[in-house]
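To keep things clear, I will list the structure first and then write my remarks on it.
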Amino acid sequence: MSATDTTSGLLRIGEVARLVDTTPRTIRYYEEIGLLPASEERESGRHRLYTDADVDRLRELLSMKDLLGVSLDELKALVEAEDARAALRNEWRRGGEETRPREILEEAIGHISRQLALVRSRRAQLEGLESELSGRRRELRERLRRLESGK
């Protein structure tokens, strides 16, 4: 049997893992902690099946984790804020612009603020590391210069 369910276009966990360059164990864990929705197509004892949207979300999660170097808890906070913003956008489109525009905008700003705080914290950590490494390189170049000049 192939990794793709040809009748519905759904993918098995092994195929998804290969497509996004991770392991089935990682995918299962992301489901367990709520980063990925649990496979709804799976009956007890059956294979997990995933949609193209699931694959796209997993790619995005792995990319954010790698890019930002965040913990799974931090990644979950980022994703939850993004999901909440998506829900607010949908509410806005369904009439929220007229019924509660201020509340929707304030909630969206709060979610973005939390995401920015995490990104800025990570950036500050990287800047600190960069500064430390630059200082070490300066010291080593100075030692090399003194060595070459015979001092």
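Since every read-out is calculated from the coordinates, none of them should be taken as a lab result. Small disclaimer: the values here were computed from a predicted structure and weren't measured. Backbone-built Cβ (ideal geometry, glycine too); neighbour counts: all protein chains shown.
For Leu10, the residues 5 or more places off, or on other chains, whose built amide H falls under 5 Å of its own are Asp5.
Result for the chain in a Gaussian network model with C-alpha springs under 10 Å: among Thr22, Thr51, Thr99, the largest mean-square fluctuation is at Thr99.
Phi angles of the stretch 112-121 translate, via the Karplus equation with coefficients 6.51, -1.76, 1.60 and θ = phi - 60°, into HN-Hα couplings of 5, 4, 5, 5, 4, 4, 5, 5, 5, 4 Hz per residue; Gly and Pro are given as x. Summary value for the chain: 15 percent relative contact order, contacts being C-alpha pairs under 8 angstrom separated by 6+ residues. Each peptide among 115-121, 81-87 gets the average number of other Cβ atoms lying within 10 Å of its residues, and from highest to lowest they stand as 81-87, 115-121. For Leu49, the residues 5 or more places off, or on other chains, whose built amide H falls under 5 Å of its own are Glu41, Arg42. Of the options (1) 1.09; (2) 0.95; (3) 1.20, only one is Rg/Rh (Cα atoms, Kirkwood Rh) as computed from these coordinates, and that is (3). Residue by residue, the stretch 140-145 carries 3J(HN,Hα) couplings of 5, 5, 5, 4, 5, 4 Hz when phi is fed to the Karplus relation 6.51 cos²θ - 1.76 cosθ + 1.60 (θ = phi - 60°); x denotes Gly or Pro.
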